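Below is one structure; the comments refer to it alone.
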Amino acid sequence: MFASQAGSDLCLTIIGSSKARAIDADDRQTLEVVAGQLADAYNLNRQAAENQALLGDLQRQRSELAALVAQLIQAQEQERQRVALDLHDGSAQLAAGLSYRLQDLAARIGDAHALKPEIDQLAALARHSVADLRAAIADLRPPELDDLGVAAALRTRLDAIDDLEVIADLDAAADRWPASTGIIFYRVAQEAITNVIKHAEGSRLVVRLFEDGAGEAHLEVIDDGKGIGELRHPQMRGGRLGIVGMRERLALLGGRIEISVGSSGGTHVRATAPISQETTSE
């Protein structure tokens with residue numbers, strides 16, 4: 001095929017094996033259709049390549065975000081561990097020493113001494129302080145969370161509750177979740193359970209931890225106490241801050257939290273987040 005220009009008219013000519021002829025309207029229409037199809041195919045291929053490049057960028061960004069989240073959570077937990085060690089080696093040791101000295105002093109002065117009742121009270125306060133400090137140290141960094149996983153750590157936490165009927169449905173598969181997912185869900189559960197103990201004034205606590213078929217982690221904390229409406233009370237300021245903390249922690253994982261009135265009263269906390277395998281740099 002060749003083209004020749006005469007004045008302003010463009011003449012296209014088809015060259016065959018034996019003779020050449022100028023194209024007619026049908027030929028022009030066929031060529032336009034073929035050209036359009038070729039252009040569409042080119043655009044589709046270009047869009048596919050661009051989409052593939054964008055998908056690769058998105059996957060890299062997700063991987064980088066997961067690594068950053070893991071590093072942030074690890075830094076937070078390391079700081080908790082440092083504080084726990086400081087409390088253990090400092091305040092807890094001092095309180096324990098004070099408790100022993102007061103008990104020894106009470107034993108030496110005898111029951112007839114006028115200060116014996118007061119010393120006994122001080123010794124009891126010291127023992128209570130030691131117990132509170134040890135509980136705080138365990139909450140800051142429970143060893144089960146590192147050694148066994150989130151389900152085992154939660155079970156240990158729930159086993160220590162004496163004044164509530166506790167029903168625990170904890171999927172052991174959660175112990176194999178990525179470290180950042182397990183830590184965040186433990187902290188959210190810890191805060192929700194603390195709110196129940198301190199504020200709900202209920203008699204029953206249900207905790208469920210499981211993974212669904214879509215690769216999402218789920219946590220449910222249900223009580224039969226006063227209900228979410230009481231969170232508006234000024235004395236519940238700490239509870240409201242705890243809810244904010246739970247929401248912020250889940251946001252690190254791209255998760256969400258819902259807090260509502262339970263079917264039979266009380267409060268129902270639902271937390272959900274995708275389980276994404278984190279990557280860490282050496």
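The values are calculated or read from the model by the stated rules, or taken from the named source; none is laboratory data. Keep in mind the model is a prediction, meaning the values are calculated, not measured. Please note: Cβ atoms are built from the backbone with ideal geometry, for glycine as well, and neighbour counts cover all protein chains shown. Accessible surface is based on the protein model in full, side chains and every heavy atom, while ligands, DNA and RNA are left aside. Shrake-Rupley method; radii C 1.70, N 1.55, O 1.52, S 1.80 Å.
Say whether the condition of being exposed (fewer than 10 other Cβ atoms within 10 Å of the Cβ), in contact with a strand residue (DSSP E or B) (Cβ under 9 Å, 6 or more places away or on another chain) and either among the basic types (Lys, Arg) or at pLDDT below 85 (or both) is met by at least one residue in region 17-39.
No; the residues of region 17-39 include none that is exposed (fewer than 10 other Cβ atoms within 10 Å of the Cβ), in contact with a strand residue (DSSP E or B) (Cβ under 9 Å, 6 or more places away or on another chain) and either among the basic types (Lys, Arg) or at pLDDT below 85 (or both).
Can you tell me how many residues within region 163-198 are under 15 Å from the mean Cα position of the chain (by Cα) and either charged (D, E, K, R) or assigned to a helix (DSSP H, G or I) (or both)?
Summing the residues that are under 15 Å from the mean Cα position of the chain (by Cα) and either charged (D, E, K, R) or assigned to a helix (DSSP H, G or I) (or both) in region 163-198 gives 17.
Quick one: is residue 86 out of contact with any Gly (no Cβ under 9 Å at 6 or more places or on another chain) and open to solvent by less than 70 Å² (accessible area, probe 1.4 Å)?
Judged against the criteria, residue 86 is not a match.
Looking only at region 112-146, count every residue that is β-branched (Val, Ile, Thr) and modelled with pLDDT of 85 or more and tell me the total.
Within region 112-146, residues that are β-branched (Val, Ile, Thr) and modelled with pLDDT of 85 or more number 2.
Determine the pairs where a residue that is open to solvent by less than 50 Å² (accessible area, probe 1.4 Å), located within region 51-70, has a partner that is of a type outside the set (A, V, I, L, M) and at pLDDT 70 or above with Cβ atoms under 8 Å apart, the partner being 6 or more residues away or on another chain.
Between residues of region 51-70 that are open to solvent by less than 50 Å² (accessible area, probe 1.4 Å) and residues that are of a type outside the set (A, V, I, L, M) and at pLDDT 70 or above, the close pairs are 66/180; 66/276; 69/180; 70/178; 70/180.
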